[in-house]
Amino acid sequence: MTQIFLRLTQMKKRSLTGFIYIISIIGIIIPCKVYAFDITAGATAWYAWGSRFENTYDYSIRKNNNYAFDPTFLYGPVLSAKLNNDFNLTFVYLYSKFNYTEEVYKDYGGDYFVKSKIKRSDSDFALNYRLNNYFKAFAGVKYLGYEIKLSYDDITTKTHSSQSKHDSFGPGLGLSFTCPIAENIFLLATLSGFYLFSAGEKFEDNLLYDKSNPAKMTVGYNEYGINTNISAAYYIASISTVISLGFRFQYFITDYYDYEPFLIDKIKNQFYGVTLTATYTLNL
């Protein structure tokens, strides 16, 4: 737990440093006068359920599998900088660590019981442009990462394990909507799409009876999908704080293009659940 906390702290420090640096650069590049800007900082949590469907290219060798995850918390920092009345920057980072166990299934002629440990990172950085009093368009960069450790209890032979590292980056585009519904109460909604690139998923299969010779491979893939969020926000003017409660849905496809040794050609992923965010705004 201490190592995870230190790792998160280091990642947050690097992200904050990069965020402030990019704010400075964009403030110079954007052709407008910037005498002051607002900095917003806070935290967000997403209590999400999830599932993934693995589609295999050769069903006679390995069958399709549908995994359902137990609900888990994703949490992390939220940062925003208002450069002027038209432009602002936003940054969100979410982290989660969760386990799941799958039922017995047939694979390669044997029966397996799969246990998984997963670490997930999900980050979005975007430049927003105000279209009118209700809508903003935004464009930016998304990062999605997984570290997965699997253990297979092979009923017919022996137990073995595997691990993989999954990192992808790419552009994202979207629209956000803000509408006042009462004094200090607002309706917020976003819809975005993304397309991510990767140098490949690094996979290693460690046979417990032959640890000296693990099977290794790198599988190429792209990822694409959508994010959508709707929430109600309450602004506490006396302390310049916004509290929002809402619902988020994320769907994306991992499309492997170098899958022959991996046997999986597509994975369809979906996550959905309740979000809670609190932010404080400082005028500089």
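The values are calculated or read from the model by the stated rules, or taken from the named source; none is laboratory data. Since the structure is predicted, the reported quantities are computational estimates derived from the model, not experimental observations. Positions of Cβ are backbone-derived with ideal geometry, glycine not excepted, and every protein chain shown enters the neighbour counts.
Points to keep in mind about this one:
- The set of residues in the range 170-186 being of a type outside the set (Gly, Ala, Ser) and crowded, with 16+ Cβ neighbours inside 10 Å consists of PHE186 alone.
- The set of residues from the range 120-132 being among the polar types (S, T, N, Q), surrounded by fewer than 16 Cβ atoms within 10 Å (Cβ to Cβ) and in contact (Cβ under 8 Å) with a residue 24 or more places away in the chain is empty.
- When residues of the range 227-247 are limited to those that are more than 25 Å from the chain's Cα centre (by Cα) and of a type in the set (A, V, I, L, M, F, W, C), the one nearest to THR281 (Cα to Cα): ILE239
- No other residue among ASN184, ASN222 is modelled with pLDDT under 95 and more than 20 Å from TYR251 (Cβ to Cβ) apart from ASN184.
- Candidate set from the range 132-157 (those that are modelled with pLDDT under 85, of a type in the set (A, V, I, L, M, F, W, C) and in contact with a Ser or Thr (Cβ under 6 Å, 6 or more places away or on another chain)); member that is farthest from ASN222 (Cα to Cα): LEU150
- Number of the exception - ARG120 against (1) at pLDDT 90 or above; (2) more than 25 Å from ALA278 (Cα to Cα); (3) not polar (S, T, N, Q): (2)
- Residue in the range 188-201 that is over 16 Å from the mean Cα position of the chain (by Cα), at pLDDT 95 or above, closer than 22 Å to ASP38 by Cβ and surrounded by 14 or more Cβ atoms within 10 Å (Cβ to Cβ) present: yes
- Unmet criterion (only one of (1) modelled with pLDDT of 80 or more; (2) touching a Pro at 6+ places or on another chain (Cβ under 6 Å)) for MET217: (1)
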